[in-house]
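Reading through the structure tokens given below for one structure.
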Amino acid sequence: TSELAALCVELGDDALVAAQRLAEWTTRAPELEEEVALANIGLDLLGQARLLYSRAGQVDGTGRDEDAFAYARGPEEFRNLLLVEQPRGDFAHCVTGLLLHSTWRLALMQRLRTHPDPVLAAVAAKAVPELSYHRDHAAQWVLRLGDGTEESRRRMLAALGKLWPYLGELHAAAPELREEVEDVLRQVLRAATLPEPQATPVTTSGRRGEHGEHLAPLLEELQSVARTHPGATW
Amino acid sequence: TSELAALCVELGDDALVAAQRLAEWTTRAPELEEEVALANIGLDLLGQARLLYSRAGQVDGTGRDEDAFAYARGPEEFRNLLLVEQPRGDFAHCVTGLLLHSTWRLALMQRLRTHPDPVLAAVAAKAVPELSYHRDHAAQWVLRLGDGTEESRRRMLAALGKLWPYLGELHAAAPELREEVEDVLRQVLRAATLPEPQATPVTTSGRRGEHGEHLAPLLEELQSVARTHPGATW
Amino acid sequence: MTFDALIARGQRIEPRDDMPEGYRKTLVRQIAQHAHSEIIGMQPEGEWITRAPSLRRKAILFAKVQDEAGHGLYLYSAAETLGVDRAELTELLLQGRQKYSSIFNYPTLSFADVGVIGWFVDGAAICNQVPLCRSSYGPYARAMVRICKEESFHQRQGYELLLRMMSGTEAQRADVQDAVDRWWWPSLMMFGPPDDDSPNTAQSMAWGIKRHSNDELRQRFVDMTVPQAEKLGVTLPDPELRWNEERGHHDFGRPDFDELKRVISGDGPCNEQRMARRRQAHEDGAWVRAAAAAHAAKHRAQQGR
Amino acid sequence: MTFDALIARGQRIEPRDDMPEGYRKTLVRQIAQHAHSEIIGMQPEGEWITRAPSLRRKAILFAKVQDEAGHGLYLYSAAETLGVDRAELTELLLQGRQKYSSIFNYPTLSFADVGVIGWFVDGAAICNQVPLCRSSYGPYARAMVRICKEESFHQRQGYELLLRMMSGTEAQRADVQDAVDRWWWPSLMMFGPPDDDSPNTAQSMAWGIKRHSNDELRQRFVDMTVPQAEKLGVTLPDPELRWNEERGHHDFGRPDFDELKRVISGDGPCNEQRMARRRQAHEDGAWVRAAAAAHAAKHRAQQGR
């Protein structure tokens, strides 16, 4: 069960941090439809994080609630993937990150639907259709941007160059998903007329707590109000 | 003496917030010489803030030290000018803000050299040559940018349009300095071949605690480490 | 049936119906301003999504701001039925030639503001908008029905946040009172200038675009809000506020309508910041919209003839 | 006197002296790399100026990062005496054709890192650089004298911060130990590959550009640092570290030189981030530099003939 708790925290941290980055897009999206879509995706991930944290608090024996995980831990205690903590970047960066993360997370959640823990299995079952939508949404944008204008293609290539190395982290975290994830991504790239990036995979991993410099400020902001009001109820 | 303490806090807050914005330029300046110059100016202001806070804590009867003023007050307790809390902007914004603030602060500090409180008078005497340098540095850049390229002129005009309204706040805070400050600024603008902006002065004022949305995140960052380590020594 | 006959019978005007040019123009301006307000109105609260102090509040706020984007979409669509398009209206906003509600030019300074905006601003919006569900123009009236439903939900959530905060720490209660003090008068100004200084009201009411005068709606808001404030335990910052038995309404002080004029004409505390953010998002998004258009064109070319 | 004769007598080479092209090229590369390191090295600590937990620490850190910009300036000037210019060297950095010290590609994760960087990184820099005050090339040697003086000041300030933190709270002590654990091995790598894998060392030593081998300097750093760690009360993360009575030096484990190669070739945790920031600042500053040049040109035209 400590393994189960750790898994819930890892996947909860991924979802929370990714949702926080998506929240940063609010009032900054390229069109109104995209404000709605990115918020939808952020809300789905936030919902997943809340369920996963609650489950972690039940099974790790501490009885902590969802907010204890989100607001009372420092960056060194977070286990999210480096992929999701990368700064916001441009819209090509946004959809590329979303494509990589949702493809991987979808593959994982599909398997977790048969996890022996019935609560985690139920969370995964609920997450699968959400993540399919996230992946499709991202893939459609990768298509449009990859096969759009010269500028959008240039930006897509830059975003791929920047984020592709983080696949190394995903594969290290779940080697069994590698083939499936790579197949999906290759299909999307092909459809988008984009070459597969040649990038050295990262060797550090957020799963071991080896975070970059961007996580601490993200959490500083996320936790700021909660921390300046100790003992408050919201 | 409560008036003296309030004055020290106001001028300390201006200096600290302005120094914090200058610190944000670190590793982002347009050339290396400017990294050095902006840090110099930031350090001067930080030094002024420390002396002013210390004096405030002595005369207001609380015995608070400089850090109590910087780290243990919320945004609603800060009395800095709105001018200095404006977000970083581009380099034209930086030098324009610096010109307005240092021109005004220099005029004020020149007068405060004869303040009945000997400590404040000494702080002011020390600040005058520092502020003369700040003002000259800013004025030289306003000249270069105003009478440089088409782009730099466009950016200077935008920065002036954005910041000039805050003169209203400075004049409200110290009506007796108005003529002197405006004379200096007009001279600089003339030399830079820039028209005097026609802008409605702001009517809100940081001196009454009426801050915008940018101060709270600035202080959140400034106070983040100190606040996550209660009882720590540094 | 002619336009006048439809209006006289209280029936709805639909896009295919003939309508006077003045009616069309007034409606376009009003609906566009309303749409712009939804979009600019995302900003004051939007900055607090990343800072919300519990995950539940984060989800509520995220969803609320998303709803505002959705309202903007409905309203731009309603305006499009009158022969203008969204890009055109967005241009007019960015050039400062169309307005949005003055209320969004005030800063949000603490998380309590999120609650007070829900309570006051959504509350005032509901007072303004519920009568618009009976607007004479069909597409606008139907959009308002959906919008009002969501906004009363937002208002309840805002008020509920404040109830929780008032039962919390001293600092939380102080934040709530401070937010109430700052938002009360600007909220009263949301109903526009006083009736004796509102020249277009009569025509709009005749056309069935407007159903009540500014002062009537302002009175309704005050009467609705005073008992809620009492229940919450906050003081509304108006020494003249009191129940008038004779009128059956609350008397209250006169908002500073000069301030309203200043804010509308561009000199509120955050006008420039709000417009700059909107403009930046629009400019930053230009390459994305261009790419989507280019991709769609290629795709059509490949598929079609 | 010829170049060889000057070198043989241990006298300094000055810009006007003849020198072999290999000597010049090696020096340009070394000085440029050193200058780039100072500039990129501002980044890991620079982000903490706005977050420093006391005003005194804020001033100390602000001044330190400013000093690094100053060091960059001295060094670029020294390089310019060899017939290259700063803009050209900056281009080479931005294109990734010249390097900077691998150490700056590791993240700074807490304020304790500021102290540990002062202690380890400035300490290692001093070990590397003190001998360079006797470099055979005059302008470089003179720049190093000023730089070393400031760096030993920085090192003391870093160590002093750690002493204070170790006498603070449990959380502070844990932060210090964590920072030590993360920075120890990368600091050892600052001395470069082991001697048996450092092909250019012999020539550089013959030319008086380098005075000691990588492994000698690494040993000096370890011997200097171990007693400081004991006094501080932290554990250096190397189980093989122990005093060797016979050698009169500490034995220590072998750094992961594969990691060093990876980081140098661009795959460290922060390489991309550091370069992106530097590139961004350079691009954002282009219009400012252009304006200054245009203004100066106008001014000269008006004044001159």
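The values are calculated or read from the model by the stated rules, or taken from the named source; none is laboratory data. Note that the coordinates shown come from a computational prediction; the quantities given were computed from them, not determined experimentally. Note that we place each Cβ from the backbone using ideal geometry, even for glycine, and neighbour counts take in every protein chain shown. In case anyone asks, the SASA skips ligands and DNA or RNA and just uses the protein heavy atoms, side chains included. Shrake-Rupley method; radii C 1.70, N 1.55, O 1.52, S 1.80 Å.
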Here is a check on your reading of the model: is residue B:19 open to solvent by less than 10 Å² (accessible area, probe 1.4 Å), farther than 20 Å from residue B:159 by Cα and small (Gly, Ala, Ser)?
no
Pick out the one residue from A:212, A:231 that is within 14 Å of chain C (Cβ to nearest Cβ) and either out of contact with any His (no Cβ under 9 Å at 6 or more places or on another chain) or not in a helix (DSSP H, G or I) (or both).
A:231
Check residue A:62 against each of (1) facing chain C (nearest Cβ under 7 Å); (2) outside any helix (DSSP H, G or I); (3) of a type outside the set (Lys, Arg); (4) surrounded by fewer than 20 Cβ atoms within 10 Å (Cβ to Cβ) and name the one condition it does not meet.
(1)
Given the options D:79, D:32, D:59, name the one that is small (Gly, Ala, Ser) and within 22 Å of residue D:186 (Cα to Cα).
D:32
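Based on this model, can you work out whether residue A:53 counts as within 13 Å of residue A:17 (Cβ to Cβ), in contact with a helix residue (DSSP H, G or I) (Cβ under 9 Å, 6 or more places away or on another chain) and at the interface with chain C (Cβ under 10 Å from one of its Cβ atoms)?
On the way: within 13 Å of residue A:17 (Cβ to Cβ): yes; in contact with a helix residue (DSSP H, G or I) (Cβ under 9 Å, 6 or more places away or on another chain): yes; at the interface with chain C (Cβ under 10 Å from one of its Cβ atoms): yes.
Criteria met by residue A:53.
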Would you confirm whether any residue within the range A:73-82 is in contact with a Ser or Thr (Cβ under 8 Å, 6 or more places away or on another chain), away from chain C (no Cβ under 14 Å), open to solvent by less than 20 Å² (accessible area, probe 1.4 Å) and in a helix (DSSP H, G or I)?
yes
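If the requirement is being at negative phi, in contact with an Asp or Glu (Cβ under 7 Å, 6 or more places away or on another chain) and open to solvent by 10 Å² or more (accessible area, probe 1.4 Å), which of these qualifies: D:110, D:101? Write out each step before concluding.
Details: D:101 fails: in contact with an Asp or Glu (Cβ under 7 Å, 6 or more places away or on another chain).
Exactly one residue qualifies, and that residue is D:110.
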Report whether or not residue C:88 is at pLDDT 95 or above, in contact with a helix residue (DSSP H, G or I) (Cβ under 8 Å, 6 or more places away or on another chain), away from chain B (no Cβ under 14 Å) and open to solvent by 40 Å² or more (accessible area, probe 1.4 Å).
no
Being over 22 Å from residue C:76 (Cβ atoms), at the interface with another protein chain (Cβ under 7 Å from one of its Cβ atoms) and part of a helix (DSSP H, G or I) is the filter here; which residues of the range A:1-43 pass it?
A:20, A:23, A:42, A:43
Count of residues meeting criterion [open to solvent by less than 10 Å² (accessible area, probe 1.4 Å), touching a residue at least 24 places away in the same chain (Cβ under 8 Å) and among the small types (Gly, Ala, Ser)] in the range A:120-134
1
Need pairs with beta-carbon distance below 8 Å; first residue within 12 Å of chain C (Cβ to nearest Cβ) and buried (at least 24 other Cβ atoms within 10 Å of the Cβ) and within the range A:89-107, second polar (S, T, N, Q) and in a helix (DSSP H, G or I); sequence gap 6+ or separate chains.
A:92/A:152
If you go through the range A:150-159 one residue at a time, how many are open to solvent by 40 Å² or more (accessible area, probe 1.4 Å) and either within 12 Å of chain C (Cβ to nearest Cβ) or within 12 Å of residue C:295 (Cα to Cα) (or both)?
5
If you scan the range A:40-68, which residues turn out to be under 29 Å from residue A:137 (Cα atoms) and hydrophobic (A, V, I, L, M, F, W, C)?
A:41, A:43, A:45, A:46, A:49, A:51, A:52
Restricting the search to the range D:225-249, which residues are surrounded by 14 or more Cβ atoms within 10 Å (Cβ to Cβ) and part of a helix (DSSP H, G or I)?
D:225, D:226, D:228, D:229, D:232
If a residue has to be without any contact (Cβ under 8 Å) to a residue 12 or more places away in the chain and of a type outside the set (D, E, K, R) to count, how many in the range C:244-272 make the cut?
3
Residue in the range A:174-209 that is farthest from the chain's Cα centre (by Cα), counting only those that are within 14 Å of chain D (Cβ to nearest Cβ) and over 30 Å from residue A:76 (Cβ atoms)
A:198
Consider only pairs whose beta carbons are under 9 Å apart and that are at least six residues apart or on different chains; among these, list those whose first residue lies in the range B:159-178 and is closer than 13 Å to residue B:95 by Cα and whose second residue is surrounded by fewer than 20 Cβ atoms within 10 Å (Cβ to Cβ) and charged (D, E, K, R).
B:159/B:90; B:160/B:196; B:162/C:272; B:164/B:196
Quick one: what pairs do we get from the range D:200-214, first residue without any contact (Cβ under 8 Å) to a residue 60 or more places away in the chain, second open to solvent by 40 Å² or more (accessible area, probe 1.4 Å) and in a helix (DSSP H, G or I), C-beta under 6 Å, 6+ apart or different chains?
D:213/D:195; D:214/D:195
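Condition check ((1) open to solvent by 10 Å² or more (accessible area, probe 1.4 Å); (2) within 9 Å of another protein chain (Cβ to nearest Cβ)) across all residues:
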{"site": "D:37", "(1), (2)": "yes, no"}
{"site": "D:47", "(1), (2)": "yes, yes"}
{"site": "D:73", "(1), (2)": "yes, yes"}
{"site": "D:79", "(1), (2)": "no, no"}
Any chance the range D:146-167 includes a residue that's touching a strand residue (DSSP E or B) at 6+ places or on another chain (Cβ under 7 Å) and touching a residue at least 12 places away in the same chain (Cβ under 8 Å)?
no
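One line per residue, one yes/no per condition, for (1) closer than 25 Å to residue B:160 by Cβ; (2) within 8 Å of chain A (Cβ to nearest Cβ); (3) surrounded by fewer than 18 Cβ atoms within 10 Å (Cβ to Cβ); (4) not β-branched (Val, Ile, Thr):
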position: C:255; (1), (2), (3), (4): no, no, no, yes
position: C:258; (1), (2), (3), (4): no, no, yes, yes
position: C:269; (1), (2), (3), (4): yes, no, no, yes
position: C:273; (1), (2), (3), (4): yes, no, no, yes
position: C:276; (1), (2), (3), (4): yes, no, yes, yes
position: C:292; (1), (2), (3), (4): no, yes, no, yes
position: C:297; (1), (2), (3), (4): no, no, yes, yes
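If we keep just the residues of the range A:198-208 that are buried (at least 16 other Cβ atoms within 10 Å of the Cβ) and either in contact (Cβ under 8 Å) with a residue 40 or more places away in the chain or of a type in the set (S, T, N, Q) (or both), which is nearest to residue A:160 (Cα to Cα)? Give the derivation first.
Step one: of the range A:198-208, the residues buried (at least 16 other Cβ atoms within 10 Å of the Cβ) are A:199, A:202, A:204-207.
Remaining after also requiring either in contact (Cβ under 8 Å) with a residue 40 or more places away in the chain or of a type in the set (S, T, N, Q) (or both): A:202, A:204-207.
Numbers: A:202: 14, A:204: 19, A:205: 19, A:206: 20, A:207: 22 Å.
Looking at residues that are buried (at least 16 other Cβ atoms within 10 Å of the Cβ) and either in contact (Cβ under 8 Å) with a residue 40 or more places away in the chain or of a type in the set (S, T, N, Q) (or both), I get A:202.
Yes/no per residue for (1) touching a Phe, Trp or Tyr at 6+ places or on another chain (Cβ under 8 Å); (2) surrounded by fewer than 22 Cβ atoms within 10 Å (Cβ to Cβ); (3) not in a loop (DSSP other than H, G, I, E, B):
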position: D:128; (1), (2), (3): yes, no, yes
position: D:144; (1), (2), (3): no, no, yes
position: D:153; (1), (2), (3): no, yes, yes
position: D:161; (1), (2), (3): yes, no, yes
position: D:187; (1), (2), (3): yes, no, yes
position: D:193; (1), (2), (3): yes, yes, no
position: D:204; (1), (2), (3): no, yes, yes
position: D:210; (1), (2), (3): no, no, no
position: D:223; (1), (2), (3): no, yes, yes
Can you tell me which residue in the range B:97-142 is farthest from residue B:153 (Cα to Cα), limited to those that are polar (S, T, N, Q) and over 13 Å from the mean Cα position of the chain (by Cα)?
B:114
Among the residues of the range A:160-173, is any open to solvent by less than 40 Å² (accessible area, probe 1.4 Å) and within 14 Å of chain C (Cβ to nearest Cβ)?
no
